[in-house]
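To start, the structure itself, in structure tokens.
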Amino acid sequence: MSKQTMEEYVNQETIFGLVPVKKSERSYGFWDTLLVTSGFAIATLCYSQGALSASYLDFWQTLIVTFAMGGIFLIIECLPVIFAVRYGVDLWVYLRAVLGKNGVKVFATLVILGNWFWYAVAANMFGSSIAQICAGFGIIVPDKAVRWISIISVAGGSLIAIAGPSAIKWTSRILVTLLLAIGVIVFFMCFTIAPIDQVIAYRPDLSSVGGNNFEAYAMAAEGMAAFSFSWSTQAIVLPRLSKTERGGYWGTFAGYAIVAPFFVFIGGVMAIVMFVTTGVYVDDPTVMLATLGPQVALLSLMLVAFANIGTQAVGGYVNDMVLKAAWPKVDYKVLVLLSAIYVAVLTYSGQVTANFGQFISIAAYIQGPIIGIMFVDYIILRKRRFSIKSLYYQEGHDAYDFKGGFNWIGVVVILLTLFVALFMVYNPVTGEIQSVVFNFTTGSGFTAVFGGFLYWLASKVPSLRDIMLRDRDDLEIV
């Protein structure tokens with residue numbers, strides 16, 4: 001292999017593969033990290049999440065739940081970002097130490113299959129935006145045609161994803177800046193359409209929960225916890241490209257814990273204002289924009305439409321990098337193509353958008369135990385130190401080379417957590433609350449707390465702890 005070919009190969013595997021990214025090769029500062037994670041976080045599905053919250057809560061409750069469940073606790077949840085920046089390594093490569101090589105294949109694949117639900121919702125909103133724009137000019141687009149138009153968002157975003165982080169960075173710089181501006185405009189516009197006292201006086205219809213205010217509050221909290229969890233295990237793909245730990249951590253935190261909740265809250269306010277002014281509760285942001293702000297509707301809908309292409313682009317890169325960690329021999333572009341086909345099928349079916357709340361909780365349930373385990377393992381048990389050579393299975397370094405490719409400690413903890421959560425706390429498929437515990441932890445929150453607790457208990461058993469920490473004699477980086 002020639003020197004130039006070797007350099008091209010190394011670059012390819014660094015950006016689109018699994019080789020750790022050296023600090024000299026990283027291109028993301030704080031603002032780029034913030035803008036890219038914000039582009040990932042402020043898709044118009046945030047508006048739908050806000051509308052879901054406001055269907056259970058009044059104005060002040062929506063504000064509190066949005067920023068508490070979707071913001072404050074992410075200070076802790078984002079801590080593993082430091083690991084990704086420090087070592088330039090993807091989270092799912094690190095999880096080889098917790099789940100084993102084949103364990104990562106199984107759970108990473110399940111996580112991504114669940115995560116792609118989000119992008120089907122975003123693509124459907126792209127189609128809906130285009131339909132609303134056409135309606136403004138008197139052109140009615142049939143529902144079947146809207147579904148095909150929606151797939152354009154998947155195709156366009158996937159093409160940008162194939163181009164890689166540089167294209168995503170510049171796309172995010174332009175689109176996110178514009179989206180932030182239009183978000184602020186829409187937010188203040190809402191309070192010019194409806195008097196603020198009427199917005200604050202709004203009370204949701206709680207007949208779906210039998211008029212139980214506490215249960216309604218818990219359901220809204222579950223929605224926000226699931227909303228945050230459902231992309232958490234993707235979050236540590238992009239920070240590996242950050243130049244500093246501080247910039248990577250705070251850029252990621254600000255994107256997910258400040259910008260995203262702000263846009264969720266905008267969605268809640270829009271839904272409340274829509275109800276106050278029309279008497280109809282609507283959760284489709286494109287309909288809300290077209291109805292509430294005709295003076296800026298065209299601009300807003302165009303930005304919403306193209307923002308979803310950006311969402312697919314960033315999501316395409318981070319999700320397929322997770323799959324790359326699970327299936328390292330599969331070419332990145334092949335993974336992007338397969339993912340695009342999968343999302344296109346979900347988009348055309350329309351089922352994900354029609355069952356929004358259930359799908360995000362399903363996606364979060366898969367990731368909740370992993371989030372809890374990851375925190376305990378990284379912060380408490382291993383104290384932020386790993387064997388990088390063992391993570392890459394270098395010769396003579398086999399601390400994470402488990403029999404059969406599975407670390408059964410981590411795998412059993414996840415399965416046991418899911419069993420308890422599904423059958424004793426909350427079933428996201430049926431929406432059935434099975435224990436009062438749900439009202440205090442939510443279902444998704446329970447999976448993270450209980451999963452982390454079980455993993456910590458396992459570490460107290462000497463024989464299991466020896467397996468968990470078999471890397472302590474192999475911690476050097478070079």
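The values are calculated or read from the model by the stated rules, or taken from the named source; none is laboratory data. Quantities reported herein were computed from a predicted structural model and do not represent experimental measurements. In this analysis, Cβ positions are derived from the backbone assuming ideal geometry, glycine residues included, and neighbour counts consider all displayed protein chains. Accessible surface areas use protein heavy atoms only, side chains included; no ligands, DNA or RNA. Shrake-Rupley method; radii C 1.70, N 1.55, O 1.52, S 1.80 Å.
Per-structure values
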item	result
Stretch in the chain that is longest and holds no GluC sites (Glu not before Pro) that DSSP places in a loop and that have at most 15 other beta carbons within 10 Å	1-394
Distant-in-sequence amide H partners of LEU79 (H built 1.01 Å from N, under 5 Å)	none
Cα gyration tensor category, rounded, prolate or oblate, for the stretch 75-171 with a/c compared to 1.5	prolate
Percent RCO, i.e. relative contact order, over the chain, from Cα pairs under 8 Å lying at least 6 residues apart	30
Rh by Kirkwood over Cα pairs, then Stokes-Einstein D for the chain at 1.567 mPa s and 4 °C, µm²/s	57
Measure of compaction for the stretch 301-342 (Cα Rg per 2.2 N^0.38 Å)	1.32
Partner aspartates and glutamates for LYS23 [C-alpha distance under 20 Å; skip if fewer than 8 residues away on the same chain]	GLU7, GLU8, GLU13, ASP32, ASP90, GLU245, GLU476
Filter on LYS243/LYS389; LYS22/LYS460; LYS383/LYS403 - keep pairs with C-alpha separation over 28 Å	LYS22/LYS460
Residue-by-residue Karplus 3J(HN,Hα) for the stretch 431-437, coefficients 6.51, -1.76, 1.60, Hz, glycine and proline x	x, 8, 8, 10, 7, 5, 4
Taking N as its residue count, the alpha carbon Rg of the stretch 274-403 over 2.2 N^0.38 Å	1.54
Cα long-axis angle, helix 45-54 against the chain (0 to 90 degrees, to the nearest 10)	70
Accessible area (Å², per residue) of the stretch 338-478, counting only protein heavy atoms and a probe of 1.4 Å	47
Of all accessible heavy-atom area on the chain, the percent that carbon and sulfur account for (1.4 Å)	67
Cβ-defined net charge surrounding ASP401, 15 Å radius [Lys, Arg +1; Asp, Glu -1]	+1
Whole-Hz couplings from phi, Karplus 6.51/-1.76/1.60, listed for the stretch 409-422; x for Gly and Pro	5, x, 4, 5, 4, 5, 5, 5, 4, 4, 4, 5, 5, 5
DSSP loop trypsin sites (Lys or Arg not before Pro) with at most 14 other Cβ within 10 Å: longest gap in the chain	23-328
Computed over the stretch 367-410, Cα set: Rg, Dmax in Å	11.8, 34
Cα centroid of the stretch 63-97 to Cα centroid of the stretch 393-416, whole Å	22
Degrees, to the nearest 10: 3-15 long Cα axis against longest axis of the chain	60
Rounded, prolate or oblate (a/c below 1.5 giving rounded, otherwise prolate when a/b exceeds b/c) for the stretch 331-460 by Cα gyration tensor	oblate
Principal axis box of the stretch 174-269, alpha-carbon based, largest edge first, Å	49, 32, 18
Residue-averaged 222 nm ellipticity for the chain, from DSSP H runs of 4+ at -39500 (n - 2.57), nearest 500	-21500 deg cm²/dmol
Cβ-placed point charges (K, R +1; D, E -1), dipole of the chain about Cα centre in debye, nearest 20	1020
Using alpha-carbon coordinates, inclination of helix 213-229 to the longest axis of the chain, degrees	50
